[in-house]
Amino acid sequence: MPLLTIAIIVGILVLAVVLVVAGIRAPQASDPISSRLAEYSVREEAMTLEEIELSQRFYERVMLPIFNKIGMLAARFTPQATLETARLKLIKAGNPMQMDPSFFIALRFVLAVVLGGGLFLVFSISGRNWLQGLGISALFMALGYFLPDLWLSSKVSARQKAVFRGLPDALDLLTICVEAGLGFDAAMRKVNEKWEDELALEFGRVIQEIGLGKLRREALRDMADRLDVAEFTSFVAAVIQSEQLGVSMAKVLRIQSDQMRVRRRQMAEEEAHRAPIKMIFPIALLIFPSIMLILLGPAALLLITSPMAAMF
């Protein structure tokens, strides 16, 4: 029995290490078809399907299909509403690990079992109070269940902040291109060519969707839904309205650019006003105790060795 328990613990630890390494080494979300076509176009000799598969990373070739199989198995026991919520959240985050919604749900349960079950087995082998170990294991199980969701929420927030910060500059470039005589689609293509941030990549996706036959307003609405940034949603609404009413696109872009720049300045001022409040807790808990120890420490030592201390 002890050997079986040790084997289970080793298996759980190996699985945890594999998940952590896979998460760290996971590539950023990209279009695999475009990358394969680009690689094929620069080669002189034709590549077989086996050579193309072997040229991929170990994570894309082995680990990702295994994780997707686990996710497909978990999707059978997951409500459709939960899968849809996870899918929307992955889209807003840019799908950093190219995960399916079902695999993301399965990852939460796997981490919960790994952290909680592994810790409970450690408490059981050590011979300590199993009730105490059960409580701590339940705490770590809840932590493992909510940890992927917290990570994904942080990715969504970081992506939205990056889009918001780059929006005024992108609108300036759009305005300059439109005023120079380019169409709105060509201006979006220029933004995609000049930069490589999240907003530029989304503009490139809009251009691809328009080239495949989707209407411009539908592609822009889908882009606004993927980003879920209020300022960009208002910009898309203004562009669609100007297109339907026949208003000058350059004038609309100029007004939107000025508004976005004012909004970004206001957000920076808000963050600057919050800084003193955020500094209170580090100062009170870390800096002040150190200063008090440095200033009053020698005086306390002198008082301890003085005749006054002997009287008390």
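Here, each number is a calculation from the coordinates, and none is a lab measurement. From a predicted model like this one, the values you see are computed outputs, not experimental measurements. Because the Cβ atoms are built from the backbone with ideal geometry, glycine has one as well, and the counts that use them run over all protein chains shown.
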## Note on the structure
Residue count, the range 74-83, condition under 11 Å from I105 (Cα atoms) and in a helix (DSSP H, G or I), comes to 4
### Task
For I287, indicate whether it is surrounded by 10 or more Cβ atoms within 10 Å (Cβ to Cβ), within 36 Å of the chain's Cα centre (by Cα) and β-branched (V, I, T).
yes
#### Entry: helices (runs of 4 or more DSSP H) enclosed by the range 84-203 - at least 3 residues per element that are acidic (D, E)
130-179
### Message
Restricting to the range 95-105, give me the number of residues that are crowded, with 20+ Cβ neighbours inside 10 Å and either under 16 Å from A200 (Cα atoms) or in contact (Cβ under 8 Å) with a residue 60 or more places away in the chain (or both).
### Response
1
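One line per residue, one yes/no per condition, for (1) of a type in the set (D, E); (2) free of Cβ contacts under 8 Å to residues at least 40 places away in the same chain; (3) farther than 18 Å from D185 by Cβ:
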residue	(1), (2), (3)
F235	no, no, no
V239	no, no, no
S242	no, yes, no
L245	no, yes, yes
R265	no, yes, yes
I277	no, yes, yes
I283	no, yes, yes
S290	no, yes, yes
### Query
Does any residue of the range 128-150 turn out to be under 28 Å from the mean Cα position of the chain (by Cα) and of a type in the set (V, I, T)?
no
## Note on the structure
All conditions in (1) in a helix (DSSP H, G or I); (2) out of contact with any helix residue (DSSP H, G or I) (no Cβ under 7 Å at 6 or more places or on another chain); (3) surrounded by 10 or more Cβ atoms within 10 Å (Cβ to Cβ) are true of V247 except (1)
### Query
When D172 is evaluated against the numbered criteria (1) touching a helix residue (DSSP H, G or I) at 6+ places or on another chain (Cβ under 7 Å); (2) surrounded by 18 or more Cβ atoms within 10 Å (Cβ to Cβ), which criterion, by number, is the only one it fails?
(2)
#### Entry: Of the criteria (1) exposed (fewer than 11 other Cβ atoms within 10 Å of the Cβ); (2) closer than 30 Å to F232 by Cβ, which one P282 fails
(2)
